[in-house]
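Below: one structure, written as structure tokens.
The values are calculated or read from the model by the stated rules, or taken from the named source; none is laboratory data. Keep in mind the model is a prediction, meaning the values are calculated, not measured. Note: ideal-geometry Cβ built from the backbone for every residue, glycine included; neighbour counts use all protein chains shown. The area values use the complete protein model at the heavy-atom level, side chains included, leaving out ligands, DNA and RNA. Shrake-Rupley method; radii C 1.70, N 1.55, O 1.52, S 1.80 Å.
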Amino acid sequence: METEMDTVYIGKPVNRVDGIKKVTGAATYSGEFKPEGLVHGYVVSSSIANGKITAIDTSKAKNLKGVLEVFTHENLPEALKSNVDYSDPLAPPGKPFRPLYNDTILYNGQPIALVVAESFEIARHASDLVEVTYQVDECSTDIKKNKAKATRDNVEAPPDDRGDAEKAYKSADFKLDVEYSQPRHFHNPMEPHVSIAIWDKDEEAFTIYDKVQGVNSSQTYICGIFSLEKEKVRILSPFVGGGFGSGLRPQYQLFLAALAAKSLNRPVKVALTRRQMFSFGHRPACFQQMKLGANKNGKLASIQHTAFGETSKFEYYNEDVVNWSGLMYHCENVKLDYQLIPVNMHTPLDMRAPGGTTGMFALECGMDELAIEADIDPLEFRLINYADKDQNEDKPFSSKELKKCYQKAAESFGWDKRNSKPRSQKKGNTLIGYGMATGCWEAFQQKSAAKAVLTDDGFLTVSSSTADIGTGTYTVMTQIAATTMGISMHQVSFELGDTSMPEAPMEGGSWTVSSVGSAVKVVCIQLQEQLFDLAKKVHPEIFKNLAHKDVTFNDGKISNKSGESVSFSEVLKEAKKEKLETENTLEPEEEQEKHSCYTHSCVMVEVHVDEDLGMITVPRVTSAIAGGKIINPKTAENQILGAIAWGIGMALEEEGMIDDHNGRIMNANLAEYHMAVHADVQNLEVFFVEEHDDIVNPLGAKGLGEIGMVGVASAISNAVYNATGVRVRDLPITLDKVLTY
């Protein structure tokens, strides 16, 4: 039988196995490979948001010494214009963007040329010599100005209405009818997007190093465009310097590098600048209308939630913004609506907790406002309306320990010390406020494959084409493999980020541990079975008449109940086998379809507001998480801490500012696009409550990447109201909005 999953390494705060490589610079990221003959590409971006290129003069750039070629729509190979597929596995409905395809400009910052030169510096200089003239058409990027153009076309329908929300609202004792909004947010991982493409002319095959959150998506993309079989395109991405969703879809530098490499028969590197990192996707701007009604006993009588989200003019990007309002709290009368407003921007892109962070901001602020209207403590109000099942789908939860989260957070934070009257807590010139919110995120398991190889020296290598975007994938997969197989972590190597490995889903959606981790567990059990069958042949005196369930695998040995054992290495050597290997593809069990699987949290915050200046600080945040089995408490806590920091930035600072006249992102840099920095992040406290779930996946683990952020911005907003008496419904909460009291 396999080693118990709550022993050995699983559940222990193990240090990152790739930590030393990262801090010493030995970890090689996609842009750091140096194939022989490498040349450099630099992207020229459009300066308008809507119109056409009427002329593009590349002669001065081409005449510069060291420039090899300038690629534009005018010299794009005809083979890339007809009957080729530019879509990718995450492409939303519509027409996917095709770089350099024609003279049409769809958004400001669109790539319109690629200069390739012997050095990066030459390519960058030559890009300034490319002269472009445009026919400029009217553009608009403001979703509120374009509300009349809102559409439900190509929009995934929200959960069905239940009851009569309008009628119940009219007869409710306490009512709320307000609008919440948030601006565009941009991912900004530390590592820019970069691709190095190598074309083998003889084999007619690509080898590409790509900054991406799933190598298989880049492979599918390149195969579709260049009409190649999968075995002719190998994508590698061993380390990723942050993604947050920006690497879920292949970005345009991948196509441009591949185009240039194939055309020039030279390895080509294309890296995007920080400004260009703002040009291919973002969390969409959104405004939401929230109508809530409750009866005198505090029970929700009606929920009506309508969201208007942003999309591009060429694709229909959807998020589950309103679904959470029908899921989180018990209510018999619910009406949800989601519409899209096309504007002259690039298609939005999934960004940490997409839809959930947005929708739960409105819901959790609304719950706070309604609780105050009903004169009920916000925590008690949520407990009164606690949902024991998913009413959207009429399913039980696979597990839900949210009440434990409420209890643990309240006890540690000191929620009982909260004064419900705004502006009642004050220290000197500082107003003090307490706020809370609930968090929720889906716990998915995706189809995933893994391979395990055990060599005669007792060393185990497990592989899958998944990614590690800094979350600790290398580490937790090593823990799972070592624990399952019953060997030391030092005898295990986990490999990833290569399309030649068994296929795995992209790393996103908080599903990597549940998906790939479960596949790793199962493939190691299969390897155990192979090894045991071999052990019975070479040592019948120890294992005669025993089954796999009758033996233990521990410390690199197979043991019977009498304590007699033989090492893995001995079994292989005595059987004259250099290695054993097996591969497995795992899909979710049908039982999951009968349940709703979610991770839950409770977030409580304290804010300080300068009474004269309106400046806000967040001295402490408590987050209690119900995330199933925690594989590694250290990396798990790290995920939540990072998410909380981002939630602080979302609440108080982040705002993509767009010039509506020309669609230009005005603060496309790290100086003016404000994010939370060290001074903004103070005392953060994270708890994981015990939660057993034998339905969600074979590991019982739920994802943690997103849940830590959901609820933070709303908790801060609620705390700001408690401190000041000012309800700010438009993010970010800046001092000018607070100084209205």
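Might you let me know whether segment 373-387 holds any residue that is open to solvent by 10 Å² or more (accessible area, probe 1.4 Å), within 17 Å of Ala437 (Cβ to Cβ) and touching a Pro at 6+ places or on another chain (Cβ under 8 Å)?
Looking through segment 373-387, none of the residues is open to solvent by 10 Å² or more (accessible area, probe 1.4 Å), within 17 Å of Ala437 (Cβ to Cβ) and touching a Pro at 6+ places or on another chain (Cβ under 8 Å).
Glu191 - would you say it is of a type outside the set (S, T, N, Q), open to solvent by 20 Å² or more (accessible area, probe 1.4 Å) and either part of a loop (DSSP other than H, G, I, E, B) or touching a helix residue (DSSP H, G or I) at 6+ places or on another chain (Cβ under 9 Å) (or both)?
So Glu191 passes the test.
Return yes when Cys405 is farther than 30 Å from Ala49 by Cβ and not in a helix (DSSP H, G or I) and no when it is not.
no
Taking into account only those residues within segment 97-112 that are outside any loop (DSSP other than H, G, I, E, B) and of a type in the set (A, V, I, L, M), which is nearest to Gly663 (Cα to Cα)?
Ile105
Matching residues to (1) within 30 Å of Ala271 (Cα to Cα); (2) open to solvent by 40 Å² or more (accessible area, probe 1.4 Å); (3) part of a strand (DSSP E or B):
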site: Leu114; (1), (2), (3): yes, no, yes
site: Ala123; (1), (2), (3): yes, no, no
site: Thr133; (1), (2), (3): yes, yes, yes
site: Cys139; (1), (2), (3): yes, no, no
site: Lys144; (1), (2), (3): no, yes, no
site: Val155; (1), (2), (3): no, no, no
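Residues are listed down the side, and each one gets a yes or a no for (1) in the same structural domain as Gln425 (by TED's automatic domain parsing); (2) open to solvent by less than 20 Å² (accessible area, probe 1.4 Å); (3) touching a residue at least 24 places away in the same chain (Cβ under 8 Å):
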| site | (1), (2), (3) |
| --- | --- |
| Asp550 | no, no, yes |
| Phe553 | no, yes, yes |
| Ile558 | no, yes, yes |
| Lys579 | no, no, yes |
| Glu583 | no, no, yes |
| Leu613 | yes, no, yes |
| Ala624 | yes, yes, yes |
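Take segment 250-271 and flag every residue that is open to solvent by 10 Å² or more (accessible area, probe 1.4 Å) and hydrophobic (A, V, I, L, M, F, W, C).
Of everything in segment 250-271, those that are open to solvent by 10 Å² or more (accessible area, probe 1.4 Å) and hydrophobic (A, V, I, L, M, F, W, C) turn out to be Leu264, Ala271.
Which residue pairs have Cβ atoms under 6 Å apart, sit 6 or more places apart or on different chains, and have a first residue in segment 287-300 that is farther than 9 Å from Glu179 by Cα and a second that is open to solvent by 60 Å² or more (accessible area, probe 1.4 Å) and assigned to a loop (DSSP other than H, G, I, E, B)?
Asn295/Asp173; Lys296/Asp173
Give me the residue from segment 157-170 that is surrounded by 14 or more Cβ atoms within 10 Å (Cβ to Cβ) and among the hydrophobic types (A, V, I, L, M, F, W, C) and, out of that set, farthest from the chain's Cα centre (by Cα).
So, considering only residues that are surrounded by 14 or more Cβ atoms within 10 Å (Cβ to Cβ) and among the hydrophobic types (A, V, I, L, M, F, W, C), the one farthest from the chain's Cα centre (by Cα) is Ala168.
Given the criteria assigned by TED's automatic domain parsing to the domain that holds Thr220, polar (S, T, N, Q), at pLDDT 95 or above and surrounded by 15 or more Cβ atoms within 10 Å (Cβ to Cβ), does Asn75 qualify?
no
Step by step: first the residues of segment 324-349, then only those that are surrounded by fewer than 22 Cβ atoms within 10 Å (Cβ to Cβ) and touching a Leu at 6+ places or on another chain (Cβ under 9 Å), then the one that is nearest to Gly439 (Cα to Cα). Which residue is that?
Among residues in segment 324-349 that are surrounded by fewer than 22 Cβ atoms within 10 Å (Cβ to Cβ) and touching a Leu at 6+ places or on another chain (Cβ under 9 Å), the one nearest to Gly439 (Cα to Cα) is His330.
Output the strands (runs of 3 or more DSSP E) that fall wholly within segment 421-529 and possess 3 or more residues being touching a Lys or Arg at 6+ places or on another chain (Cβ under 9 Å) and closer than 30 Å to Pro619 by Cα, or say none.
Correct list: 430-442.
Working carefully through the options Val476, Val462, find the one that is buried (at least 21 other Cβ atoms within 10 Å of the Cβ) and in contact with an Asp or Glu (Cβ under 8 Å, 6 or more places away or on another chain).
On inspection, the qualifying residue turns out to be Val462.
Of all residues in segment 299-323 being closer than 18 Å to Gln391 by Cβ and not in a strand (DSSP E or B), which is most open to solvent (accessible area, probe 1.4 Å)?
Lys299
In segment 285-298, how many residues are buried (at least 23 other Cβ atoms within 10 Å of the Cβ) and either closer than 17 Å to Pro354 by Cα or out of contact with any helix residue (DSSP H, G or I) (no Cβ under 9 Å at 6 or more places or on another chain) (or both)?
Going through segment 285-298 one residue at a time, the tally reaches 3.
Would it be correct to say that Cys440 is in contact with a Cys (Cβ under 7 Å, 6 or more places away or on another chain) and assigned by TED's automatic domain parsing to the domain that holds Lys702?
no
Output the number of residues of segment 324-354 satisfying the condition of being outside any strand (DSSP E or B) and under 22 Å from Lys144 (Cα atoms).
Result for segment 324-354: 10.
When segment 521-578 is examined, which residues are found to be of a type in the set (Lys, Arg) and under 45 Å from the mean Cα position of the chain (by Cα)?
Scanning segment 521-578 gives Lys521, Lys549, Lys557, Lys573, Lys577.
Note down all Cβ pairs under 7 Å where the first residue falls in segment 663-675 and is more than 22 Å from Ala713 (Cα to Cα), the second is among the hydroxyl-bearing types (Ser, Thr, Tyr), and they're at least six residues apart or on different chains.
Gly663/Tyr107; Gly663/Thr141
Could you pull out the residue among Ile525, Ile469, Ile487 that is surrounded by fewer than 24 Cβ atoms within 10 Å (Cβ to Cβ) and either closer than 28 Å to Ala353 by Cα or in contact with a helix residue (DSSP H, G or I) (Cβ under 8 Å, 6 or more places away or on another chain) (or both)?
The unique qualifying residue is Ile525.
Take the residues of segment 171-186 that are in a loop (DSSP other than H, G, I, E, B) and open to solvent by less than 70 Å² (accessible area, probe 1.4 Å): which is nearest to Gly293 (Cα to Cα)?
It comes out as Ala172.
Go through Ala49, Ala61, Ala26 for me and flag whichever is in contact with a Cys (Cβ under 7 Å, 6 or more places away or on another chain), outside any strand (DSSP E or B) and at pLDDT 95 or above.
On inspection, the qualifying residue turns out to be Ala49.
Which residue is nearest to the chain's Cα centre (by Cα), if the candidates are limited to segment 436-451 and must be open to solvent by less than 10 Å² (accessible area, probe 1.4 Å) and more than 23 Å from Asn323 (Cβ to Cβ)?
Among them, the one singled out is Ser448.
Criterion first (assigned by TED's automatic domain parsing to the domain that holds Lys521, out of contact with any Cys (no Cβ under 9 Å at 6 or more places or on another chain), more than 16 Å from Ile625 (Cα to Cα) and in contact (Cβ under 8 Å) with a residue 24 or more places away in the chain) does Lys395 satisfy it?
Judged against the criteria, Lys395 is not a match.
Being among the hydrophobic types (A, V, I, L, M, F, W, C), closer than 30 Å to Met328 by Cβ and touching a His at 6+ places or on another chain (Cβ under 9 Å) narrows it down to one residue among Ile625, Ile558, Ile640, Ile631; which is it?
Step by step, each of Ile625, Ile558, Ile640, Ile631 is checked, and only Ile625 is among the hydrophobic types (A, V, I, L, M, F, W, C), closer than 30 Å to Met328 by Cβ and touching a His at 6+ places or on another chain (Cβ under 9 Å).
What are the residues in segment 629-661 that are assigned to a loop (DSSP other than H, G, I, E, B) and open to solvent by 50 Å² or more (accessible area, probe 1.4 Å), if any?
Residues satisfying the conditions are Lys629, Glu655, Met657, His661.
Going by what's in this entry, would Ser30 be described as surrounded by 18 or more Cβ atoms within 10 Å (Cβ to Cβ), among the polar types (S, T, N, Q) and under 20 Å from Gln219 (Cα atoms)?
yes
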